[in-house]
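**Q** I'd like to ask you about the structure that follows.
A short reminder: the numbers here are calculations on the coordinates, not readings from a lab. Everything numeric here is computed off the predicted structure, so don't read it as measured data. Cβ atoms come from the backbone with ideal geometry, glycine included; neighbour counts cover every protein chain shown.
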Amino acid sequence: MNRSLFDQFTRLAEIDSPTGDEEEIGVYLMEWLERYDFFVVKDTVGNLYGWRDGQGDSFLFSGHQDTVEPGRGIKVELKEGIIRSTGKTILGADNKASVAALLHAIQNTSMADCRPIEVVLSVGEENGLAGIQQFDFTQIKSKLGVCFDKSAPLGTMVMQSVEAMNFDGEIIGKAAHTGTPEKGINALEIGVQVLSEVKMGRNEDLLVNFSQINAGVCRNAVPDSFSFICEVRGYDELVIQQKVEDLVDLFQDKSKAMGSRLVYKTEYVYPTYQHDTHSMNARYIEKMLTKHGCAIEHVISGGSSDANFFNHNGISVYDLGDATINPHTTDERIALVDLEKMSQIMTRIMKDTGSVDD
Ligand SMILES: [Zn+2]
């Protein structure tokens, strides 16, 4: 079966695959890769690993199978060269534009005219990179790879990405009837006081976000609980850790001083990375992109992608602009010409059987 790129994208977009529901698309992708000479393994969480033989140094393409919501019953429209949904759902171009471009490039190449190709299509990417964290990186043979998973024009290269830590907790006070507040310890009051001392949003090189605050259970009782979740993002592991420790101290000291106690957990979410701007690898990726007329732009990303975990595991993976506009919204779109160009870039990389330092 030979599909046009637009048909390929539409087929993928119309298979529902919100995070946690990647089963059907996983089967589709596995069959497609096997049809085009890939040896494919699905791990216990649903990540797909594929390998196709060829000549020269192998190269890795990474992508993710899942989408955000609303991502069910997607209908794809093409109008004046722009691909979008009907407006009731996301489009799923994040990351299916890249996956479709990859399948299309695979379909139009063969073992005989390509380098060995390695493919990793993860699940649960949109859930804090949950899938790739379960992946067995020891099976990867490539030293270099790309994922097109940054919402930015083609030619964009993420050279540095953030790291994140979670701080989730609950202040435990004491319940009492509204009529006798002195018998209780108002956890909500304590929580609000502590939060008023926290600078949220951008803190120099850090991003601090408190969300999902909950307190109390009914109208006529002093709330005995105040729970929260918080995420701290930044570029430096030690700075992030210090910030989280400071927050823990602040919450703990205040809770204690006001007669309550704090229960909490902190958790490292994903590792950061930094690519060397002048490395052979960076120049190689730039060369592949500029051959298709892309203007190179190096950026620092405040978000994350599966590339964080590849880089953390010693495989140099560049997260590249995927030409999507407004992903994670019902106004998500991508130009067909960009989708085609992305596939051509992938094809060029596949057919380049020389080594990176040539
Ligand atoms: Zn994505």
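**Q** Can you tell me what share of the DSSP beta bridges in the chain is antiparallel? A percent to the nearest 5 is fine.
**A** Values: 53 of 74 bridges.
Once the DSSP bridges in the chain are tallied, antiparallel ones form about 70 percent.
**Q** Classify region 163-270 as rounded, prolate or oblate, taking a ≥ b ≥ c as the square roots of the eigenvalues of its Cα gyration tensor: rounded when a/c is under 1.5, otherwise prolate if a/b is larger than b/c and oblate if not.
**A** In terms of gyration-tensor shape, prolate.
**Q** Here is a further query. Over 28 Å between Cα atoms, which of 141/291; 88/287; 75/351; 42/96 qualify? Provide the component values of the computation, followed by the final result.
**A** On the way: 141/291 26 Å; 88/287 39 Å; 75/351 33 Å; 42/96 19 Å.
From the list (141/291; 88/287; 75/351; 42/96), the Cα-Cα distance tops 28 Å for 88/287; 75/351.
**Q** Give the distance, in whole Å, between the Cα centre of region 96-115 and the Cα centre of region 32-74.
**A** 11
**Q** Please list 146-159, 200-213 highest first by mean number of surrounding beta-carbon atoms within 10 Å per residue. Could the numbers behind the result be given before it?
**A** On the way: 146-159: 22.3, 200-213: 13.3.
Packing proxy ranking, top to bottom: 146-159, 200-213.
**Q** How far apart, in nm, are two points set 7 Å out from the Cα along the Cα-to-Cβ line at residue 31 and at residue 88?
**A** Inter-label distance under the simple model: 2.6 nm.
**Q** Something else about it: Net charge around residue 55, counting only other residues with Cβ within less than 11 Å of its Cβ (Lys, Arg = +1; Asp, Glu = -1)? Each step should come with its number before you reach the end.
**A** Numbers: positive: 115, 351; negative: 53, 57, 113, 352.
Every neighbour counted, the sum reads -2.
**Q** A follow-up question, please. Rounded, prolate or oblate, given the Cα gyration tensor of the chain, with a/c below 1.5 counting as rounded?
**A** Numbers: a/c = 2.49, a/b = 1.95, b/c = 1.27.
Verdict is prolate for the chain.
**Q** May I ask for the net charge around residue 157, where only other residues with Cβ less than 15 Å from the Cβ of residue 157 are counted and Lys, Arg are +1 while Asp, Glu are -1? Write down the numbers at each step before the final one.
**A** On the way: positive: 150, 283, 287, 291; negative: 149, 276, 286, 297, 319, 322.
Local net charge: -2.
**Q** Excluding residue 107 itself, what net charge comes from residues whose Cβ is under 14 Å from its Cβ, given Lys and Arg +1 and Asp and Glu -1? Display every interim value, and only then the final one.
**A** Details: positive: 3, 11, 35, 52, 351; negative: 7, 31, 34, 37, 113, 340.
Neighbourhood net charge equals -1.
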